[in-house]
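The block underneath contains the structure these notes are about, expressed in structure tokens.
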Amino acid sequence: MTTTSRKQQIIARIRQWPGGVMLSFIVRQAWAALFGGLLLIAIVVTSYVELPWLSRYDWLFVIAVLIQLAMLAFRLERPREVLIILIFHLVGLAMELFKTSHSIQSWTYPEENIIRLGTVPLFSGFMYAAVGSYIARAWRVLNLRFTHYPPRRWTILLAVLIYGNFFTHHYLPDIRVLLFIGAALLYWRTRVYFTLNLREHHMPLLVGFTLIASVIWVAENVGTYTKAWLYPTQATTWEMVGISKLGAWFLLMIISFIMIELMNYLRTRR
């Protein structure tokens, strides 16, 4: 029996099992989120295990770089996906520098380290890069395609407004509600199609954004519980990150998706 026929038999058995599609979906999602998952494991482990020579934040930076190099060496990520990760690292770092500044202090990094820029340990940029890595890998692993995708000029405008509002709402009225409405109007017809067990499935793209934002919100609770970073309400005693942060991650997901969709579009045009 050839390897191909074995694979077909396994896929056929999974199809017959009632939960086969859901299992395949979870496994592929976890595989797409490999970078973020490994980084989250490192955050948890370093909160309990004190490593020698370097501080915790510096070790997290080193571990993130090693994970990235290993994924590239074993061809788990492609060079263009590494470029996406670098762009997300820089975009996230700019936001971190503003949000952790002494005049804003939306959150803080309570530990000292060497590999940092101002108030921001550089490992933090990889947390945003993990989101970019997930979307880029999911695009390939799940063979994503879309229907009724809105005009790109409007999606780019939405991304710019969302990113700008993360900064300006500290000084000007918060337009978050308008951004939610704008996202709903743009994407309410858009469907994302993905392949599982040689069959194509689909869901509303807005539902996909919400599901991914929910997973990131859970990961954020893990990160703050291990004191990788802290919000002002967690300075003395840890408490769960507010559900309002789910909306912030929803908007950040939209920025991330628009950036990668635009990069893929430009690449295919070339």
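Would you mind checking which residues have amide H under 5 Å from Arg116's amide H? H placed 1.01 Å from N; only 5 or more apart, or other chain.
Leu122
Could you go through region 125-134 in sequence order and give the Karplus-derived ³J(HN,Hα) for each residue, using 6.51 cos²θ - 1.76 cosθ + 1.60 with θ = phi - 60°, rounded to whole Hz, and x for Gly and Pro?
My calculation for region 125-134 gives x, 5, 5, 6, 4, 5, 5, x, 4, 4 Hz in order.
Placing +1 on the Cβ of each Lys and Arg and -1 on the Cβ of each Asp and Glu in the chain, which of Ala183, Ile260, Pro151 has its Cα farthest towards the positive end of the resulting dipole?
Pro151
Step through the residues of region 237-244 one at a time and calculate ³J(HN,Hα) from phi using the Karplus curve (6.51 cos²θ - 1.76 cosθ + 1.60, θ = phi - 60°), rounding each to whole Hz and writing x for Gly and Pro.
Ordered by residue, 3J(HN,Hα) equals 9, 5, 9, 4, 4, x, 5, 4 Hz.
Each residue of region 104-109 in order: what ³J(HN,Hα) in whole Hz does its phi give by Karplus 6.51 cos²θ - 1.76 cosθ + 1.60, θ = phi - 60°, with x for Gly and Pro?
For region 104-109, the Karplus-derived couplings read 10, 6, 5, 8, 9, 10 Hz, x marking Gly and Pro.
Considering just Cα atoms, how many Å³ per residue does the convex hull of the chain enclose?
Once divided by residue count, the hull of the chain is 167 Å³.
Add -39500 (n - 2.57) for each DSSP H run of 4 or more in the chain, then divide by its residues: what number comes out at 222 nm, to the nearest 500 deg cm²/dmol?
-22000 deg cm²/dmol
What FRET efficiency, computed as 1/(1 + (r/R0)^6) with R0 = 51 Å and r the Cβ-Cβ distance, is obtained for Arg189 and Glu112, rounded to the nearest 0.05?
Efficiency, from the Cβ-Cβ distance: 0.55.
Counting other C-beta atoms within 10 Å, which of Ser133, Ser244, Ser214, Ser24 has the fewest, and how do the rest follow?
Ordered from fewest to most neighbouring Cβ atoms within 10 Å, Ser133, Ser244, Ser214, Ser24 come out as Ser244, Ser214, Ser24, Ser133.
How would you rank Val65, Val91, going from fewest to most other Cβ atoms within 10 Å of each one's own Cβ?
Val65, Val91
Where in region 213-230 does the amide nitrogen come within less than 16 Å of the point 7 Å from the Cα of Met240, taken along Cα to Cβ?
Residues passing the 16 Å test: 214-226.
Cα axis of helix 56-73 to longest principal axis of the chain: angle in degrees, 0 to 90, nearest 10?
Roughly 20 degrees between the two axes.
Using a Förster radius of 51 Å, what is the FRET efficiency between Arg145 and Leu51 based on their Cβ-Cβ separation? Nearest 0.05, please.
Calculated value: 0.75.
Once a ≥ b ≥ c are taken as the square roots of the eigenvalues of the Cα gyration tensor of region 121-263, is the result rounded (a/c under 1.5), prolate (a/b larger than b/c) or oblate (a/b not larger than b/c)?
Oblate, because a/c is 1.5 or more while a/b does not exceed b/c.
On a 0 to 90 degree scale, rounded to 10, what angle separates helix 3-16 from the longest Cα axis of the chain?
80 degrees
Can you tell me, using C-alpha contacts under 8 Å and at least 6 residues apart, the relative contact order of the chain as a whole percent? Could you put the intermediate results ahead of the total?
Numbers: 293 pairs, mean separation 58.8, N = 270.
Reported as a whole number, the value is 22 percent.
What does the charge count near Thr190 come to, summing +1 for each Lys or Arg and -1 for each Asp or Glu among other residues with Cβ under 14 Å from its Cβ? Could the numbers behind the result be given before it?
Numbers: positive: Arg145, Arg152, Arg189, Arg191; negative: Glu261.
So the surrounding residues net to +3.
If you average 1/r over every pair of different alpha-carbon atoms in region 35-141 and take one over that average, what Kirkwood value in Å do you get?
It works out to 14.4 Å.
Quote the charge dipole size of region 40-134 about the Cα centre in Debye, to the nearest 20; the model charges only the Cβ of Lys and Arg (+1) and of Asp and Glu (-1).
280 debye
Can you give me the angle between helix 152-168 and the longest principal axis of the chain, using Cα atoms only, in degrees from 0 to 90, rounded to the nearest 10?
Rounded to the nearest ten degrees, it is 20.
What order do you get for His202, His102, His89, His148 when you list them from fewest to most C-beta neighbours inside 10 Å?
Ordered from fewest to most neighbouring Cβ atoms within 10 Å, His202, His102, His89, His148 come out as His102, His148, His202, His89.
If you put +1 on each Lys and Arg Cβ and -1 on each Asp and Glu Cβ, how big is the dipole of the chain around its Cα centre, in Debye rounded to 20?
That gives a dipole near 1500 debye.
Would you mind checking the radius of gyration and Dmax of region 40-103 based on alpha-carbon positions, in Å?
Cα radius of gyration and Dmax of region 40-103 are 14.3, 43 Å respectively.
Since every read-out is calculated from the coordinates, none of them should be taken as a lab result. The shown structure was predicted, so the numbers you read here are calculated from the model rather than taken from an experiment. Counting neighbours? That spans all protein chains shown, and the Cβs are built from the backbone with ideal geometry, glycine included.
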